[in-house]
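Q: There's a structure below that I have some questions on.
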Amino acid sequence: MSRLIIISNRLPFSVERSGEEISLRQSSGGLISSLKSYFEKNTTDKFTERIWIGSCDLNTAEWKRTSDSIQGKDFTIEPVFIKKEIYENYYNGFANSTLWPLFHYFPSLVVYNKDFFNAYMESNRLFAEKTLEIMRPGDVVWIHDYHLLLVPQLIRNVDPAAVIGFFLHIPFPSYEIFRLLPTLWKRTLLQGILGADLIGFHTYDYVQHFIQSAKMVLEVDNQFNTINYNNRIIKTDLFPIGIDFDKFRNSCSNEKLSVHINDIKQSFAGKKIIFSVDRLDYTKGLTNRLKGYEDFLEQHPEWHEKVSFVFNIVPSRDLIPTYSDRKKMVEEKISTINGRFSTISWQPLMYRYNHLGFEELCTLYRAADIALITPLRDGMNLVAKEYVATNDKRGVLILSELTGAASELNEAILVNPTDSQAVADAIVMALTMPIEEQQSRMRLMQKRLYDYDVVRWVNDFLDQLYQAKNEQKKAIVKWLDTRAVSAIQHDFSLAERRCILLDYDGTLAPYAKVPSEAKPGKEVISMLADLAADERNEVVVISGRDSNTLDKWLGHLNINFVAEHGVFIKYKNQQWETQVALSSNWKDMVRPILELYVTRCSGSLIEEKKNTLTWHYRNTHPGLGFSRSRELLNNLLQMTGNTPIQVIDGNKVIEVRLMGVDKGNTALKIIDYFKSDFVLCLGDDTTDEDMFRIIRNKGYTVKVGPGTTAAEYTLSSQTEVVPLLKKFLDP
Ligand code: GDG
């Protein structure tokens, strides 16, 4: 049994002071309401203890004084203390004046300030330190939100085996927005997040945006939602956050609440109630919403005195100037509307600026005929979900299509929040919607919210986290460590007829943007010459390259060559020999398709060899290159089915060639030819896997670079190849 450690910026309460007296209140906010609900549900739990790490407004002495009263029965609280100036620059600064506006598509509000970034790094370090202090082997760590993007990596650096999940509660923006950050910040943030084993987002789009940014900035490899980074497999997926459905649903049968609701109904007798509640935030689209309501009132005088909008704002981040400015703007707009349309007996807008108690919130959800939720951007938006869960018999949700919730609640009236006419029309549609239609829309949405509530959300995330960890274990490779190298050296020293098979691209030479640029360096050439100088060694460069290139680059060396994956062999001091009867008619059929993909994917190119046609896409936009390569693969496989043509999905290449030759069979032929009593074989690509499979039992096989392989050992990168081979010069 393990423990669950939750880390969020804030602990789930806020501190209120009156002189020496300190009192605590549950804070509002999406993350906190969801997680607290999960903890309170006390479900049959896989964890022996649940710990919540976060910052709070108490200093160390105050914490000592109040900690007993603060400790929750459902979880243990562990505070992180951050100096005021650092916290200020971290929280109001980098988190809420840089990341928050940028991730919500408000680039013009983003503040770029080095001190903010430094404070962010410093605070994240304090969170990581606190966690490492508490953590024990087997614990599950779940880090939340944009305040703590660096914490996963900071923990991973110290504890490589840690089980770490990360969830982002706000949108992850498209790469075009994310790239606005300075390069160092972009890299640091992405590397930070990639320290996790599982990275969760609310929607499919956010997942794709994140993968795209990681590819563009850190050049990570991915296969759908699985990312390969620093020799680790990291999963990303969508987990649309759920609410505590029962808590809101059951509020319907609370008698005290029914009395309140009747009171409200009476005071609004004869009027339909529109309701909204938001933190004061420019992302929530408050002025746009008011403009939509104003347009509605202007265009529909028949509804005057028959509708009231209860407009609630919860104070938030009031130390940040952008927020205090917004308050003024919103209040001016409210006064304008009320001034313009009010009568002696009717006020179209009821404005409140304070925190609502839970019961009051539910009362308003239930009394409202319409919830008007129109943020300009919102990671998810829980208010929309809570409104739906609370209303059993009627009610209409008008929801911004720019919220994460819109991808789940498509029976709501979806509007573009910037289009005030659309908002006005949606209000009319909602006011006149027949009750049966209200009920049927509500029922469908409720079913979905009931099925995927907060407990399901947490369990789903944690199950996937375990699964991600298991997949990592399965993919664990056997690294070629010093012990393994010594064993190979030992066998090598005893052997008389040694065969060293070396792939070229990605093994002897790093990949270049264009294949013709991947020439061998001086160091590789002299290492090969030295190896070949010992007459007990047969060095074979076994490549997909054509014979001319191999001759040009390495032909002066006293070694053996295989070109085009085995179509041609040249033993040392001999001529090139063709291993198969060549016919190139098939190329005329395949070439036009490859040419089409060169025009459809700029940066890609065709390499033509005697028996092979290759489409290279290393030098293209990673997203486009990958998706075009899937299309091309599909086209080619359809075209070449039941023919002797083989299509190979390689490392940023698609190769087409005649069947019958591959590196595996060719390697075997060469080993037999030399009657080798020692074999060492290095390669990095799909075509080298044929070799690894066939000669794994006949010698030592080493894959260069991460990824699953049939080779016995893995070497972490191409740069280690020459140093490794040098060890066989003087073992
Ligand atoms: C972030 C993302 C994402 C609000 N006012 C009162 C009150 N609340 C409660 C609501 C709801 C929560 O706070 C607000 O949640 P939201 O989802 O609307 O927004 P954020 O706080 O910005 O949360 C958001 C969320 O994380 C979860 O992942 O959905 O997109 O921005 O639960 O009920 N509760 C009470 N009185 C109030 O006055 N009692």
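Taken together, the values in this text are just the output of simple stated rules run on the coordinates, not laboratory data. Here the structure is a predicted model, which means the values were calculated and not measured. All Cβ positions, glycine included, derive from the backbone under ideal geometry; neighbour counts span all protein chains shown.
Q: Between the alpha-carbon centers of segment 58-135 and segment 330-383, tell me the distance in whole angstrom.
A: After rounding, the separation between the Cα centres reads 31 Å.
Q: Once you have a ≥ b ≥ c as the square roots of the Cα gyration tensor eigenvalues for segment 231-362, tell me rounded if a/c is under 1.5, and otherwise prolate or oblate according to whether a/b is larger than b/c.
A: oblate
Q: To continue, here is another question. Which lysines, on any chain, are close to Lys265 with Cα under 20 Å apart, when same-chain ones fewer than 8 places away are left out?
A: Once the sequence-local lysines are set aside, what remains near Lys265 is Lys256, Lys306, Lys393.
Q: Okay, moving on. Going 7 Å from the Cα of Leu633 along its beta-carbon direction, which residues of segment 199-236 have the amide nitrogen within less than 17 Å of the resulting point?
A: Those under the cut-off are 221-228.
Q: Towards the positive end of the charge dipole of the chain, with charges on Cβ (+1 Lys, Arg; -1 Asp, Glu), say which of Pro723, Phe75, Pro348 has the farthest Cα.
A: It is Pro723, whose Cα lies furthest towards the positive end.
Q: Shifting gears a bit: As an exercise, use a Förster radius of 45 Å and the Cβ-Cβ distance of Ala269 and Arg136 to find the FRET efficiency, rounded to the nearest 0.05.
A: 0.15
Q: Compare the Cα positions of Ala384, Val415, Met433 along the charge dipole of segment 364-442 (+1 at Cβ of Lys, Arg; -1 at Cβ of Asp, Glu; about the Cα centre) and return the one farthest towards the positive end.
A: Projecting each Cα onto the dipole axis, the largest value belongs to Ala384.
Q: How tilted is helix 435-451 with respect to the longest principal axis of the chain? Cα atoms for both, answer in degrees (0 to 90, nearest 10).
A: In the chain, helix 435-451 runs at an angle near 50 degrees to the longest axis.
Q: How charged is the neighbourhood of Trp479? Take every other residue with its Cβ under 12 Å from the Cβ of Trp479, and add Lys/Arg as +1 and Asp/Glu as -1. Each step should come with its number before you reach the end.
A: Details: positive: Lys478, Arg483, Lys703; negative: Asp481, Glu712, Glu720.
Net charge in that neighbourhood comes out at 0.
Q: Please name which of Ile199, Gly285, Ala214 has its Cα lying farthest along the dipole of segment 185-301 towards the positive end, using unit charges on Cβ (Lys, Arg +1; Asp, Glu -1) and the Cα centre as origin.
A: Ranked along the dipole, the leading option is Gly285.
Q: Follow-up question, since we're still on this one. Once you have the Cα-Cα distance between Glu129 and Asn573, take 0.36 nm times their residue separation minus that, and quote the gain in nm to one decimal.
A: Extra length available between Glu129 and Asn573 comes to 153.5 nm.
Q: Same structure, new question: For the chain, compute the orientation-averaged projected area of the C-alpha convex hull (one quarter of its surface), in nm².
A: Orientation-averaged projected area of the Cα hull: 38.5 nm².
Q: If the limit is 22 Å between Cα atoms, which of Lys215/Lys726; Lys215/Lys652; Lys474/Lys703 go over it?
A: Values: Lys215/Lys726 34 Å; Lys215/Lys652 14 Å; Lys474/Lys703 17 Å.
Among Lys215/Lys726; Lys215/Lys652; Lys474/Lys703, the Cα-Cα distance tops 22 Å for Lys215/Lys726.
Q: Determine, for Cys56, Cys499, the number of other Cβ atoms within 10 Å of each Cβ, and report the residues in order from fewest to most.
A: Cys56, Cys499
Q: Work out, step by step, the length gained on full extension between Ala161 and His621: first 0.36 nm times the residue separation, then minus their alpha carbon distance; give nm to one decimal. Let's see the in-between values first.
A: Working: separation 460, 0.36 × 460 = 165.60 nm, distance 3.36 nm.
My answer for the length gained is 162.2 nm.
Q: Kindly express, to the nearest 10 degrees and within the range 0 to 90, the angle between helix 420-431's C-alpha long axis and the longest C-alpha principal axis of the chain.
A: The two axes meet at around 60 degrees.
Q: At 7 Å along Cα-to-Cβ for each site, give me the label-to-label distance between Glu595 and Asp491 in nm.
A: 4.9
Q: If you don't mind, another one. Assigning unit charges at the beta carbon (Lys, Arg +1; Asp, Glu -1) and nothing else, what dipole magnitude in debye, to the nearest 20, does the chain show about its Cα centre?
A: For this selection, approximately 180 debye.
Q: How tilted is helix 663-674 with respect to the longest principal axis of the chain? Cα atoms for both, answer in degrees (0 to 90, nearest 10).
A: The helix 663-674 is inclined about 30 degrees to the chain.
Q: A follow-up question, please. If you take every DSSP beta bridge fully contained in the chain, what fraction is antiparallel? Give it as a percent rounded to 5.
A: Counting only bridges with both partners in the chain, antiparallel ones make up about 30 percent.
Q: How much length would be gained if the chain were fully extended between Phe81 and Ser108, taking 0.36 nm per residue of separation minus their Cα-Cα distance, in nm to one decimal?
A: Length difference between fully extended and current span is 6.5 nm.
Q: For Ala529 paired with Glu20, estimate the spin-label separation in nm (one decimal), with each label point 7 Å from Cα along the Cα-to-Cβ line.
A: 8.7
Q: Any lysines with Cα under 19 Å of the Lys328 Cα? List them, leaving off those in the same chain fewer than 8 positions away.
A: Once the sequence-local lysines are set aside, what remains near Lys328 is Lys284, Lys291.
Q: So how strong a dipole does segment 581-731 carry about its Cα centre when Lys and Arg Cβ are +1 and Asp and Glu Cβ are -1, to the nearest 20 debye? Present the calculation step by step, with values, prior to reporting the outcome.
A: Working: 19 positive and 18 negative charges, 21 e Å.
Charge dipole of segment 581-731: 100 debye, to the nearest 20.
Q: To make sure I understand, if each residue's beta carbon is the centre and we count other beta carbons within 10 Å, what order do Glu401, Glu255 fall in, fewest to most?
A: Listed from fewest to most nearby Cβ atoms, that is Glu255, Glu401.
Q: Note down the Stokes-Einstein diffusion coefficient of segment 546-590 in µm²/s, whole number, using a Kirkwood radius over alpha carbon pairs, 4 °C, and 1.567 mPa s. Mind showing how you got there, number by number?
A: Numbers: Rh = 11.5 Å.
My calculation gives 113 µm²/s for D.
Q: Which log10 I(q)/I(0) values, to two decimals, does segment 128-262 give at q = 0.13, 0.15, 0.17, 0.20 Å⁻¹ under the Debye formula with one point per Cα?
A: Relative scattering, expressed as log10 I(q)/I(0), comes to -0.60, -0.73, -0.88, -1.15.
Q: For segment 585-658, what is the convex hull volume of its Cα atoms per residue in Å³?
A: 72
Q: Rounded to the nearest 0.05, what FRET efficiency do Arg456 and Asn254 give with R0 = 25 Å and r taken as the Cβ-Cβ distance? Could you check?
A: 0.55
Q: What's the FRET efficiency of Thr643 with Gln472 using the Cβ-Cβ distance as r and R₀ = 35 Å, to the nearest 0.05?
A: The value I calculate is 0.35.
Q: Please quote Rg/Rh for segment 245-451 to two decimal places, taking the Kirkwood radius as Rh and restricting both calculations to Cα atoms.
A: Rg divided by Rh gives 0.94.
Q: So, in segment 510-648, how many Lys pairs have Cα atoms under 18 Å apart, if the pair is 8 or more places apart or on different chains?
A: 11
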